[in-house]
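The structure appears right after this line, and notes come after that.
Read the figures in this text as sums done on the coordinates, not as results from a lab. Here the structure is a predicted model, which means the values were calculated and not measured. Counting neighbours? That spans all protein chains shown, and the Cβs are built from the backbone with ideal geometry, glycine included.
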Amino acid sequence: MKIVKKILLALLVILVVLQFIRPDKNLSDQDVTDVFETETQPNKEVVAILENKCYDCHSNNTEYPWYAEVAPISYWLDGHIEEGKEHFNVSEWATYDLEKKEHKMEELVEEVEEDKMPESSYTWIHGNLTPDEKEKLMEWGKQVRMAYKDKMGG
Ligand code: HEC
């Protein structure tokens, strides 16, 4: 019993200390989606879907929930954001070449079609895409991809 108490106390101390070490927040003061949206022309509905379900992990600006302040959740969220941005970051769209843009849009349609995005770690709190939203997102994604493909010369 004594040992259990000691372990619990140690864990509590660690948890408290952890609260003081916070990962840097993913918060840019720039208009992070400007270039991407100008180029890919999502309509209002698609913009809303992207804002509500994708940009938190795929742009340089995350809308943090209150529990993001709590370690170890803060670290866990940070990991997802960093990994998501590494694969696909709309805030760095200007730095992607044509081929990369075309490929990312292809991936986008695939991931959404196969219900892989948004991640399940996200949808259990934020809700998933409705079938209608899924369709609109894919339709836009396909069009944008075709446009990039045309630019590449087929
Ligand atoms: C909770 C964070 C999170 C959210 C929200 C999220 N993603 Fe992701 N996304 C990731 C992570 C992490 C990866 C990389 C690992 C993987 O492919 O599963 C990824 C990968 C991707 C890729 C693949 C890029 C590549 O080159 O393979 C695309 C495209 C993508 N996401 C699009 C979306 C779209 C569209 C939405 C919204 C409908 C979305 N994501 C929502 C975290 C997220």
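If R₀ is 22 angstrom, what is the calculated FRET efficiency for the pair Trp66 and Trp124, using the beta carbon separation as r and rounding to 0.05? Intermediate values should be presented prior to the final figure.
On the way: r = 17 Å, r/R0 = 0.76.
With R0 = 22 Å, the Cβ-Cβ based efficiency is 0.85.
For a protection proxy built on the mean count of beta-carbon atoms within 10 angstrom, sort 56-66, 142-152, 12-22 highest first, please.
56-66, 142-152, 12-22
Explain nothing, just the number: dipole magnitude of the chain about its Cα centre with +1 on each Lys and Arg Cβ and -1 on each Asp and Glu Cβ, in debye rounded to the nearest 20.
On the way: 18 positive and 32 negative charges, 193 e Å.
Around 920 debye, computed over the chain.
Helix by helix, which DSSP H runs in the chain go 18 Å or more along their axis at the Cα atoms and have an average Kyte-Doolittle hydropathy of -0.5 or more? It would help to have the intermediate numbers written out before the result.
On the way: long enough: 2-18 (24 Å, 2.54); 73-87 (22 Å, -1.02); 98-113 (23 Å, -1.34); 131-151 (30 Å, -1.70).
Flagged H segments are 2-18.
Glu86 to Phe20: extension gain in nm, 0.36 nm per residue of separation minus the Cα-Cα distance? If you can, show how the numbers build up before the last one.
Numbers: separation 66, 0.36 × 66 = 23.76 nm, distance 2.63 nm.
Gain in length upon complete extension: 21.1 nm.
Contact order normalised by length for the chain, with contacts defined as Cα pairs under 8 Å and 6 or more residues apart; what percent is it? Mind dumping the intermediate values first?
Details: 117 pairs, mean separation 40.5, N = 154.
RCO, the chain: 26 percent.
Starting from the Cα of Glu99, step 7 Å along the direction of its Cβ; do the same at Ala48; then give the gap between the two resulting points in nm.
Roughly 3.9 nm, to one decimal.
Checking the cross-link filter: which lysines have an alpha carbon closer than 19 Å to that of Lys116, excluding same-chain neighbours under 8 positions apart?
Excluding near neighbours in sequence, the set is Lys53, Lys85, Lys104, Lys134, Lys136, Lys142.
Calculate the FRET efficiency for Ile73 and Lys142 from the Cβ-Cβ distance with a Förster distance of 41 Å, rounded to the nearest 0.05.
Details: r = 36 Å, r/R0 = 0.87.
E(calc), rounded to 0.05, equals 0.70.
What is the Cα radius of gyration of region 1-68 over 2.2 N^0.38 Å, N being its residue count?
On the way: Rg = 20.1 Å, N = 68, 2.2 N^0.38 = 10.9 Å.
Relative to the 2.2 N^0.38 Å estimate, region 1-68 comes out at 1.84.
As a test of understanding, state the convex hull volume per residue of region 17-154 from its alpha carbons, in Å³. Intermediate values should be presented prior to the final figure.
Working: hull volume 14.6 nm³, N = 138.
It is 106 Å³ per residue.
What does the helix-only formula give at 222 nm for the chain: each DSSP H stretch with n ≥ 4 adding -39500 (n - 2.57), the total divided by the residues, and the result rounded to the nearest 500 deg cm²/dmol? Working shown, then result.
Details: 8 runs with 97 residues, N = 154.
Per the formula, -19500 deg cm²/dmol.
Which order do the peptides 32-43, 115-126 come out in when sorted by mean C-beta neighbours inside 10 angstrom, highest first?
32-43, 115-126
Given the options Leu137, Pro65, Val35, identify the residue whose Cα lies farthest towards the positive end of the charge dipole of region 2-151 (+1 on Cβ of Lys, Arg; -1 on Cβ of Asp, Glu).
Pro65
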